[in-house]
Amino acid sequence: MNLSDHLQHKELKLISEKIASGIRISQEEGLILYTTAGLPLLGLLASIVRKRKNGNIAYFNRNFHIEPTNKCVYNCRFCSYHKPAADPASWEYSHEEMLEIVRRFDNKPVTEVHIVGGVHPSYDLHYYGNLIQKIKKHRPSLHVKAFSAIELDYMIRKTGMTIEDGLKELKEYGLDSIPGGGAEIFDEKLREIICQEKSSSETWLAIHETAHMLGIPSNATILYGHIETYANRIDHMERLRNLQDRTGGFNTFIPLKYKKENNSMSYLGEVSIIEDLRNYAVSRIYLDNIPHLKAYWPMTGKEIAQISLSFGVDDLDGTIDDTTRIYSMAGAEEKNPVMAAEEIGKLITDAGFDPVERDSLYNRL
Ligand code: V47
Ligand code: SF4
């Protein structure tokens with residue numbers, strides 16, 4: 001072993017001891033993990049954190065998606081999904097068409113509807129509020145997890161309200177929680193390059209912080225594997241960890257790997273599966289105050305989702321019906337994302353974990 005190997009080994013040993021003792025690691029230490037720790041060590045350390053937080057449990061829930069529209073006023077460079085309003089490949093469902101999707105699940109034991117789409121130029125808060133109200137009227141027990149902070153920012157501004165008043169109003173209409181989309185990567189310079197027009201990182205964080213203060217829990221994501229550096233990923237997680245220290249309102253963190261089909265960043269290609277697993281592990285270790293780490297299996301594919309359980313993941317997203325196009329258009333691994341609860345249960349058991357069906361707030365069902 002030469003001197004630099006020796007120093008690196010010593011550094012990793014100290015960081016590992018901290019993690020094993022439940023001590024928070026710094027930004028510098030997170031960066032050292034990304035740049036120097038191998039996959040087996042990361043898997044081991046992430047599993048220690050995972051076990052401390054969630055034991056041997058791997059959660060799943062029964063949900064379905066509604067994507068109200070792919071018309072979008074923005075033009076993010078990584079997006080394969082949005083279309084200008086005049087494009088023949090664009091769609092917008094009426095309230096009645098979306099209620100029809102809800103009714104399709106009338107005799108099925110789903111507990112959550114996940115509603116996310118493009119930022120339609122003409123829909124305001126009341127348009128979406130009325131939709132939530134109709135869904136709740138039809139099926140009051142269905143948890144409505146809806147609208148990324150980017151959609152919320154637009155619809156609230158369009159209605160002329162403050163973030164706080166807008167979120168209060170949506171809560172009145174029946175909004176239960178907020179999904180994690182739109183975070184992308186918080187570094188302002190990168191945002192300028194990959195999603196120049198969309199709401200700022202500051203606004204994304206302010207919307208989630210306000211939601212938490214109003215008792216609306218939420219999720220957080222990161223879009224990784226494009227032009228960001230490891231330091232950008234750590235900075236992203238640092239901002240989330242700081243917010244979570246103040247509010248405790250994030251339930252789960254969902255790393256989303258950049259997929260290259262049909263968008264203007266395709267030339268970048270995609271990062272490897274090893275990178276996906278290393279990223280899950282560092283996320284689990286770094287975000288010591290967010291209880292859950294979710295693998296979105298329609299994107300990763302079922303096998304990688306299964307392996308990710310040994311790299312810090314404790315939640316597999318959903319028994320998702322074939323209603324989501326955000327990922328199929330970007331080149332998702334699962335072209336037809338449907339998985340029955342029994343299949344998820346078996347996938348988890350085969351990996352050596354205990355499957356637990358949860359509701360949207362991680363209560364055991
Ligand atoms: O914000 C768009 C991402 C997100 C691509 O909260 C892409 O439970 C990869 O946020 N390659 C929307 N990613 C999806 C989302 C989500 C998914 C699952 C669960 C939850 C939750 C939230 O999709 C966008 C963007 O970051 N995205 N295009 C692409 N080409
Ligand atoms: Fe619109 Fe969302 Fe696509 Fe950006 S990622 S263009 S905000 S649909």
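The values are calculated or read from the model by the stated rules, or taken from the named source; none is laboratory data. The model shown is predicted, which means the values in this text are computed figures rather than measured ones. Every residue, glycine as well, gets a Cβ built from its backbone with ideal geometry; the counts of neighbours run over all protein chains shown. Only protein heavy atoms, including side chains, enter the accessible area calculation; ligands, DNA and RNA are left aside. Shrake-Rupley method; radii C 1.70, N 1.55, O 1.52, S 1.80 Å.
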ask   = Tilt of helix 201-213 relative to the longest C-alpha principal axis of the chain, in degrees (0 to 90, nearest 10)?
value = 80 degrees
query = In the chain, with Lys and Arg counted as +1 and Asp and Glu as -1 at Cβ, which of these residues, Met213, Leu268, Ala332, has the Cα nearest the positive end of the dipole, that is, farthest along it?
reply = Met213
query = How about the chain: what cysteines have no other cysteine beta carbon under 4.7 Å from their own?
reply = Cys72
ask   = Rounded if a/c is under 1.5, else prolate if a/b beats b/c, else oblate: with a ≥ b ≥ c from the C-alpha gyration tensor eigenvalues square-rooted, which is the range 50-179?
value = rounded
remark   = Output for the chain (equivalent-ellipsoid semi-axes, sqrt of 5λ from the C-alpha gyration tensor, Å, descending) is 33, 23, 20
request  = Estimate the FRET efficiency between Glu275 and Lys137 by the formula 1/(1 + (r/R0)^6), using the beta-carbon distance for r and 56 Å for R0, to the nearest 0.05.
outcome  = 0.80
remark   = The simple spin-label model distance between Leu268 and Asn75, using points 7 Å out along Cα→Cβ, in nm, is 1.8 nm
query = Using +1 on the beta carbon of Lys and Arg, -1 on that of Asp and Glu, and nothing else charged, what's the dipole of the chain about the Cα centre, debye to 20?
reply = 480 debye
message = I'd like the carbon and sulfur percentage of the solvent accessible area for the chain, probe radius 1.4 Å, heavy atoms only, ligands and nucleic acids excluded.
response = 53 percent
request  = Calculate the translational D of the range 124-212 in whole µm² s⁻¹ from Stokes-Einstein, where the hydrodynamic radius comes from the Kirkwood formula applied to all Cα pairs, the temperature is 25 °C and the viscosity 0.890 mPa s.
outcome  = 181 µm²/s
message = Less than 12 Å Cβ to Cβ from Leu125, Lys/Arg counted +1 and Asp/Glu -1: what total charge do the surrounding residues give?
response = -2
task = Could you tell me how many degrees, from 0 to 90 and to the nearest 10, lie between the Cα long axis of helix 39-54 and the main elongation axis, the longest principal axis, of the Cα atoms of the chain?
result = 60 degrees
key: Amide hydrogen neighbours beyond the local backbone of Ile66, cut-off 5 Å, H modeled   = His114, Ile115, Val116
request  = Mind checking the per residue accessible area of the range 190-314 for me, 1.4 Å probe, whole number of Å²?
outcome  = 31 Å²
request  = Could you state the angle between the C-alpha long axis of helix 149-158 and the longest principal axis of the C-alpha atoms of the chain, as a value from 0 to 90 degrees rounded to the nearest 10?
outcome  = 40 degrees
